[in-house]
Structure formats: C-alpha cells, structure tokens
Amino acid sequence: MPRLSFAYACSLFSFPLLAACGSGADASSDWQGTIRDSAGVAIVENRDAPLWDEGDGWTFTKLVRVGEAEGDPEYLFGALSGLLVMSDGRFAVGDWHSHNVRFFSHEGEFLFAVGRKGTGPGEFAGGPGLYLGPGDTILAIDGPARRANIIGPDGSWLGSFPTTARGGYSTRSWDDDGTSGLIASMHRPLAGEAAPADADYSLIIRRDLHGAHLDTLAWLPAQHKVTESGDTQLYHFYRGAGEYDLCFGSLITGHSDNWRFVWKTLDGRIERIATLDRPRLPITAEDRRLFFDSVEADFAEDGHLGEAAAYKSRVRFEDTYPAWKRFVCGPEGSILVQRVLTVSESYPEVNTGLGLPLGGEWDAFDKEGRYLGLVSLPAEPHRHAFARLAAGDWVMIGVETDEMDVEFVGVWKVEGIGSR
C-alpha cells in the first residue's frame with residue numbers, strides 16, 4: 001500500500017489565499033433570518049433555510065493520506081488519540097499503541113517521534129491528546145497518567161504538570177484555539193462526598209501552557225446521565241449536554257437541548273447569540289424497540305443475556321433527541337454543528353453506553369452566526385479539526401479507516417470559503 005498520495009503535484013503552499021467565510025457583500029440579501037440589537041448584543045435569528053444555494057458549500061480536496069496497513073512502523077497507526085496541523089503545514093499525530101507523538105512534513109514524510117511507553121519524563125501511559133498553544137507549542141494530554149506534557153515545535157520536551165482532580169472537579173476535556181494560542185479545560189463536578197458545593201455546573205477555565213488557572217471563562221450546566229433512585233442507578237438516554245469551543249479569540253458555548261449558541265469575549269462579555277428555528281426529533285416507540293434489541297444483542301455477545309432485563313429496567317428515555325451532537329470551530333470563525341442520527345437511522349450500530357449516534361452531516365454557521373447550510377465532511381474531524389496555515393490556506397485533518405478498520409491520517413484543503 002502506498003505510503004502517501006497527492007491530489008496535485010504542486011506543493012500545499014502554492015494554493016492562493018482563501019477569502020473570508022461569508023464575507024461577500026451580497027450574502028445578507030439572500031439570507032432569510034434577522035439580526036437585532038439587544039443592549040449591545042447581536043441577536044441572530046435563523047430560519048431553517050440555508051444562505052448557500054445549491055453548489056455554494058465548501059469542498060474538500062485531498063492533499064495527503066498517510067499510513068500503512070503493514071510495513072514501516074513509523075507509518076503504522078493503531079488507535080489515533082490526537083491530531084493537529086501546525087502553522088508551517090507540518091502535522092503531529094498521537095497514538096495509543098505507540099505511546100508517542102509523531103511529526104510529519106506537510107508532504108506526509110515522517111520527521112521524528114517524541115515519547116515512549118511509561119510514566120516518567122518523556123513517556124506516555126496512554127495515547128496523548130494534542131492541543132496547539134502559542135508558537136506551535138503542543139500540549140500533549142496523557143489521560144491515564146493524569147498529566148499534561150509540553151512539547152516544543154522542534155520536539156523538545158519542555159516539562160509537565162498534573163491534571164488530577166481537585167476542588168471537587170475532575171478534568172473532562174481540553175480545547176485550543178490555533179489562531180490565538182488559547183488553551184482551556186472543562187472541569188466536571190465529582191459525585192458523592194467529593195462533590196463541590198454547586199454540583200450542577202461544569203467550569204471552563206483558561207490555562208497557560210504550564211497548567212496555571214488564569215481565569216474562569218464560563219459555567220455550563222453539568223450533564224447527569226446516571227442518577228440514583230434509592231439503591232438503583234438509572235441510565236438516561238439521550239440527555240443534552242453543555243458544550244464549548246475556543247474560536248478566533250472568542251468562547252462559544254451551547255447546550256444541545258436547543259439551537260442556541262453564545263459568543264463571549266474572554267472577559268465574559270456576550271457579543272452574539274445565534275438561534276435556529278428547527279424542532280428536535282422525537283424518540284419514537286420504534287427507536288426504543290430497536291435500542292432494546294441492541295441491548296439484548298450486546299449482552300448475548302458477552303455471554304450475559306440473563307442480565308439484559310435488569311439493565312433495560314433502569315433505562316429512562318427523554319422525549320426527544322438533543323438538537324445536535326457537538327460543534328467545532330471551522331474556517332474563518334465559522335462553527336460546524338454535527339447532526340444527530342436517530343436509533344432507527346443508526347441501527348444496528350446503536351451505542352447502548354449512554355453515547356449518542358453520530359450524524360454524518362454538519363450544519364455550518366458563519367462568524368456572524370448566520371446559517372449557511374449543510375457540510376459533508378470527508379472524515380470525522382479529530383481534535384484540532386481545522387487549521388489556517390501561514391500561507392493563508394485552510395486545511396482539515398481527520399481519521400480515515402479502510403475496510404479492515406486500519407486507521408490513516410488524511411489532510412484536505414478546504415475550498416469554496418467566501419464563495420458567496
């Protein structure tokens with residue numbers, strides 16, 4: 001199998017600079033929503049009608065595919081844990097099987113690796129998640145070791161700090177803003193005696209690359225998928241959750257119970273609120289039946305079919321699915337919101353472990369909060385999904401799999417930005 005392939009013979013850096021997303025002067029004339037001011041906050045109300053006409057959306061041109069099914073270990077990926085693109089076009093890959101971070105040129109050639117299996121300095125206990133800080137410095141989060149490691153753009157090891165729970169909160173996730181070098185983490189309240197005084201909210205905290213808490217950016221409603229009823233645990237499908245992303249120096253938050261996204265400055269001032277007039281999908285009787293069929297199949301496969309009835313008795317369904325699965329910051333300050341698949345649509349690949357079926361399509365909103373339309377991504381974005389290179393081009397990095405579930409790294413150029 002070839003190590004890498006190119007869509008064009010020319011270099012990644014020969015492409016022209018892309019225009020800003022949705023910045024065309026005539027775009028607002030076709031838009032069916034409204035923008036009004038409320039005490040200095042822009043309220044953007046979208047109808048469920050896209051600004052894009054047919055053929056206006058983004059397209060993705062494959063630049064590089066890196067990986068092998070067998071052969072050179074430098075190009076073998078077991079279970080990718082983190083991907084990001086650096087400003088000069090190089091990209092870095094974290095992997096659970098190799099316990100390291102591998103660096104590749106923009107053409108997909110292996111450069112060097114950092115780390116090995118272990119728990120000491122320069123080692124990873126698991127697969128590192130990767131986040132881009134100032135000056136292409138990388139924060140490599142080692143979840144099993146509860147440690148964050150700092151790696152320079154040249155692969156130098158710059159230190160570590162612990163990510164253990166404290167103050168009644170555990171670290172749930174990390175995020176970066178490649179355009180500004182911002183790093184943030186979400187902290188979920190612990191349960192039981194270790195719970196904080198207010199266990200109904202998760203905290204989003206701005207961090208520096210050495211782990212210091214700079215300030216609290218926001219509080220999001222905590223998601224409680226499992227609750228206690230006497231001595232019994234109840235499992236709640238499919239509850240919405242609060243989500244966030246750093247995007248072009250702003251913090252964007254939303255709760256998947258509704259189509260409402262809030263743009264805030266880092267000092268907490270609300271700049272913009274965007275909504276979309278779209279109803280949530282009901283969880284039907286057929287969805288419930290197929291879900292329980294999947295539960296029984298899972299227990300039977302594990303040899304514990306007799307335990308399925310007890311599990312099913314503890315399941316509680318919401319009336320509707322969340323409005324969306326998650327969202328990510330896209331090119332030029334846009335956001336992409338992942339659509340939900342119903343149980344009926346995803347059957348028989350139903351997630352019976354409190355997760356939500358992923359949709360294959362994404363709804364795009366521009367930096368003003370206007371609804372653009374649907375985007376079909378060539379692969380699932382993985383951590384740092386989009387990056388703007390020093391030359392000005394926008395690229396997306398993601399994970400591809402073949403028919404044998406072998407993982408590859410794909411890099412695409414995003415085309416059509418600013419087409420309206």
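The values are calculated or read from the model by the stated rules, or taken from the named source; none is laboratory data. Small disclaimer: the values here were computed from a predicted structure and weren't measured. Neighbour counts run over all protein chains shown; Cβ positions are idealised from the backbone, glycine included. Only protein heavy atoms, including side chains, enter the accessible area calculation; ligands, DNA and RNA are left aside. Shrake-Rupley method; radii C 1.70, N 1.55, O 1.52, S 1.80 Å.
V350 is checked against (1) hydrophobic (A, V, I, L, M, F, W, C); (2) over 19 Å from the mean Cα position of the chain (by Cα); (3) not in a loop (DSSP other than H, G, I, E, B) and fails just one. What number does that condition carry?
Unmet for V350, out of (1) hydrophobic (A, V, I, L, M, F, W, C); (2) over 19 Å from the mean Cα position of the chain (by Cα); (3) not in a loop (DSSP other than H, G, I, E, B): (3).
Please find, within the range 332-359, the residue that is modelled with the highest pLDDT out of those that are under 17 Å from D257 (Cα atoms) and in contact with a helix residue (DSSP H, G or I) (Cβ under 9 Å, 6 or more places away or on another chain).
Of everything passing the filter in the range 332-359, T342 is modelled with the highest pLDDT.
Give the residue that is farthest from V226 (Cα to Cα), with candidates limited to residues of the range 303-328 that are open to solvent by 40 Å² or more (accessible area, probe 1.4 Å), in a helix (DSSP H, G or I) and of a type outside the set (A, V, I, L, M, F, W, C).
Looking at residues that are open to solvent by 40 Å² or more (accessible area, probe 1.4 Å), in a helix (DSSP H, G or I) and of a type outside the set (A, V, I, L, M, F, W, C), I get G306.
Quick check: anything in the range 369-376 open to solvent by 60 Å² or more (accessible area, probe 1.4 Å) and either polar (S, T, N, Q) or closer than 25 Å to G242 by Cα (or both)?
Yes; the residues of the range 369-376 include at least one that is open to solvent by 60 Å² or more (accessible area, probe 1.4 Å) and either polar (S, T, N, Q) or closer than 25 Å to G242 by Cα (or both).
Do we find a residue being basic (K, R) and either under 30 Å from D37 (Cβ atoms) or open to solvent by less than 20 Å² (accessible area, probe 1.4 Å) (or both) anywhere in the range 268-276?
yes
Look at the range 291-302 and say how many of its residues are over 19 Å from F317 (Cα atoms) and open to solvent by 60 Å² or more (accessible area, probe 1.4 Å).
Counting residues in the range 291-302 that are over 19 Å from F317 (Cα atoms) and open to solvent by 60 Å² or more (accessible area, probe 1.4 Å) gives 2.
Over 23 Å from the mean Cα position of the chain (by Cα) and at pLDDT 90 or above - does that describe any residue in the range 139-153?
yes
Give the residues of the range 374-414 that are among the β-branched types (V, I, T) and either in a strand (DSSP E or B) or under 18 Å from D177 (Cβ atoms) (or both), sorted by residue number. Spell out the reasoning first.
So in the range 374-414, the residues among the β-branched types (V, I, T) come out as 375, 395, 397, 399, 401, 406, 409, 411, 414.
Within the range 374-414, V375, V395, I397, V399, T401, V409, V411, V414 qualify.
Please specify each residue of the range 353-368 satisfying the condition of being open to solvent by 30 Å² or more (accessible area, probe 1.4 Å) and not in a loop (DSSP other than H, G, I, E, B).
Quick first cut of the range 353-368, residues open to solvent by 30 Å² or more (accessible area, probe 1.4 Å) only: 353-354, 358, 360-361, 367-368.
Selection gives L358, G360, E361.
From the set of residues in the range 177-208 that are of a type in the set (A, V, I, L, M) and part of a strand (DSSP E or B), which is farthest from L389 (Cα to Cα)?
Going residue by residue through the range 177-208, those that are of a type in the set (A, V, I, L, M) are 182-184, 186, 190-191, 194-195, 197, 199, 203-205.
With the extra rule that they be part of a strand (DSSP E or B), the set shrinks to 182-184, 186, 203-205.
Values: L182: 17, I183: 19, A184: 22, M186: 27, L203: 31, I204: 27, I205: 27 Å.
Once the filter is applied, the top-ranked residue is L203.
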